[in-house]
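Note sheet for the following structure.
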Amino acid sequence: MSKIICDFCGTTDSKDNPVIAGDNACICKACVTAANDIMSGSVPAQENIEKKDELPSKEALLRTPAQLKAILDEYVIGQDTAKKVLSVAVYNHYKRIFRHHEIDDDTELNKSNVLLIGPTGSGKTLLAQTISKYLDVPLAIADATSLTEAGYVGDDVENVVTRLVQAAGGDIEKAQRGIIFIDEVDKVARMSENRSITRDVSGEGVQQALLKIVEGATINVPAKGGRKHPGQEALQVDTTNILFVCGGAFDGLEDIIKKKEGANVLGFNHEAKSKKKDKDIVSKVEADDLVKYGLIPELIGRLHMIATLNEITEDDMVHILTEPKNALIKQYIKLFEMDDVTLKFEKAALKELARLAIERKTGARGLRSILEDIMLDIMFDLPNYKNKTITITKDVVLKTKEPKVA
C-alpha cells in the first residue's frame, strides 16, 4: 500500500507526523501546526518559511529504504533486488549527509555509488528519475557515449556536473546533494584488459576522467557547459555529496561469467541448454568480471553497490502497461475521457502488445511507439466518437481489424 505524502512539504505519513488526506490535497501535522502559528502571529511568516525550506527537504531525503522502495514500486514493475539496492544506497547516502554529526567520533563515512546492470528498457533510467523526483533533488542524466577525455571532440566529463547545476536552477548548494545518472557506461569499456599504447579518448580516457568526480572532489565546471564560451566564468562544485548512479546493458558479460565458472560457451547444444541459466547468471557478476569486460579497477572500486536488472517478461510488460501510476493504458484512457470517450483494452490485446515489444527487443520504452502507431487513426477521429466506447482487441493490435465501437 502506497504512503500518503504531504503536498506542502513532501514528507510521508508517519506515526509522529500523520498526513491528513483531502479530496484534492494532503497536509501533514507539522504543516498544520506551522500554518496555525503563522495565523496566530506566534511565529513570523518569513521566519517560518525559512525553517520550512530547511526541514522538509531534509525530512524528505531521510525516508527509510522501505518507503523509498514503496515509491519505486508505484512506477517500476519487478526488479525488486535493484530497487532494494538503490533504496538502501540513497538512504545511506543522505543519512551520511544530514546525520553524520549525531555520533561524535572520527569515523569517516564514504558514499556508496551504484552500478545498475541490465538490458535496454529494463528500467535503469526510470529508477533514477523516480527517486530524484520524489526526493525533490536535482537529477542530471548523461550518456557516456557522448563523453571524451578533456581536449578532444565531444563533451568533457565536467559538463555532466554543469547539467546538474542547471537542473538545480543554478543553486550550487542544491546541486551538491543531487544525483547524476551516467547511462551506457559499458560503452566506454576499453577493448581489452591490457592498457592501450595509443590514446583511447572515448573509452579508458573517459573512465580515468570520471574517477575524480565520482570519488568526490572540488572541481571547476563551466557555467554554461561546452567549449563554445571560452571566456565563461567557472563554478566551483564539490562532488563529495553527489550520488552517482551508472547504468549499462553490458552485452557479452554473460559469456565472461560462464567462462569463469568453467562452462562451455561453444557447441551446437549450448544455446538450448543455457537459455534458462542466462537469465540469472548476470546476478553472479563480480568486480573481476567487469575488469575483464573493460572497466578499469579504479572506477569499479568507486561503484560500491552493484545491482542487476532482469530482462522484462511478457507478464511484466502487461503489468507495465496497466499498473504503474504513469502506465500507458491509464494515460490513453484519460486522454479519451477528455473527449467523453470510453476506452477499453481486451486482455488478449495487452498480451499481443507485450509480445510485440519483446519481439522488437526495445524493452518497456518500445511500448509507447507500438501503441502510438496502433492508436494514430483512432486518435485522429477521436472527437467523432463522443459518448461512445471503443474496445481495442488483439486484431486491432495486429492491424487486421478495426476497433469495436459501441
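The values are calculated or read from the model by the stated rules, or taken from the named source; none is laboratory data. These figures come from a predicted structure and were not determined experimentally. In this analysis, Cβ positions are derived from the backbone assuming ideal geometry, glycine residues included, and neighbour counts consider all displayed protein chains.
Inspect all residues belonging to the stretch 362-377 and state whether any of them is closer than 30 Å to residue 205 by Cβ, touching a residue at least 12 places away in the same chain (Cβ under 8 Å) and surrounded by 13 or more Cβ atoms within 10 Å (Cβ to Cβ). Yes, because at least one residue in the stretch 362-377 is closer than 30 Å to residue 205 by Cβ, touching a residue at least 12 places away in the same chain (Cβ under 8 Å) and surrounded by 13 or more Cβ atoms within 10 Å (Cβ to Cβ). Of all the residues in the stretch 287-342, those that are among the polar types (S, T, N, Q), part of a loop (DSSP other than H, G, I, E, B) and surrounded by 15 or more Cβ atoms within 10 Å (Cβ to Cβ) number 1.
Just checking, how many residues over the stretch 119-150 are of a type in the set (D, E, K, R) and farther than 22 Å from residue 363 by Cα? Talk me through it step by step, then tell me what you get.
Filtering the stretch 119-150 down to residues of a type in the set (D, E, K, R) leaves 124, 133, 136, 143, 149.
With the extra rule that they be farther than 22 Å from residue 363 by Cα, the set shrinks to 133, 136, 149.
Qualifying residue count for the region: 3.
Do the conditions hold for residue 279, that is, is it among the basic types (Lys, Arg), modelled with pLDDT of 60 or more and in a helix (DSSP H, G or I)? Even if it seems obvious, please write down each step before you answer.
Numbers: among the basic types (Lys, Arg): yes; modelled with pLDDT of 60 or more: yes; in a helix (DSSP H, G or I): yes.
Yes; evaluated as a whole, the condition is true for this residue.
The residues listed here are 312, 358, 333; of these, the one that is in contact with a Pro (Cβ under 9 Å, 6 or more places away or on another chain) and among the aliphatic types (A, V, I, L, M) is 312. For residue 306, the conditions (1) under 30 Å from residue 357 (Cα atoms); (2) at pLDDT below 90 all hold with the exception of (2). Is it the case that the stretch 362-384 has a residue that's hydroxyl-bearing (Ser, Thr, Tyr) and part of a loop (DSSP other than H, G, I, E, B)? Checking the stretch 362-384: at least one residue is hydroxyl-bearing (Ser, Thr, Tyr) and part of a loop (DSSP other than H, G, I, E, B).
Residues checked against (1) buried (at least 19 other Cβ atoms within 10 Å of the Cβ); (2) part of a helix (DSSP H, G or I); (3) at pLDDT below 90; (4) among the acidic types (Asp, Glu):
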site	(1), (2), (3), (4)
134	yes, yes, yes, no
140	yes, no, no, no
150	no, no, yes, no
159	yes, yes, yes, no
164	yes, yes, no, no
170	no, no, yes, no
177	yes, no, yes, no
181	yes, no, no, no
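Taking the stretch 214-261 as the range and being modelled with pLDDT of 80 or more, in a loop (DSSP other than H, G, I, E, B) and over 27 Å from residue 126 (Cα atoms) as the test, only 217 passes.
For the stretch 362-376, name all the residues that are among the hydrophobic types (A, V, I, L, M, F, W, C) and within 21 Å of residue 391 (Cβ to Cβ). Spell out how you get there, then give the answer.
Narrowing the stretch 362-376 to residues among the hydrophobic types (A, V, I, L, M, F, W, C): 364, 367, 370-371, 374-376.
367, 370, 371, 374, 375, 376, listed by residue number.
Just one of the listed residues (71, 20) is touching a Phe, Trp or Tyr at 6+ places or on another chain (Cβ under 7 Å), modelled with pLDDT of 80 or more and either surrounded by 14 or more Cβ atoms within 10 Å (Cβ to Cβ) or assigned to a helix (DSSP H, G or I) (or both), and it is 71.
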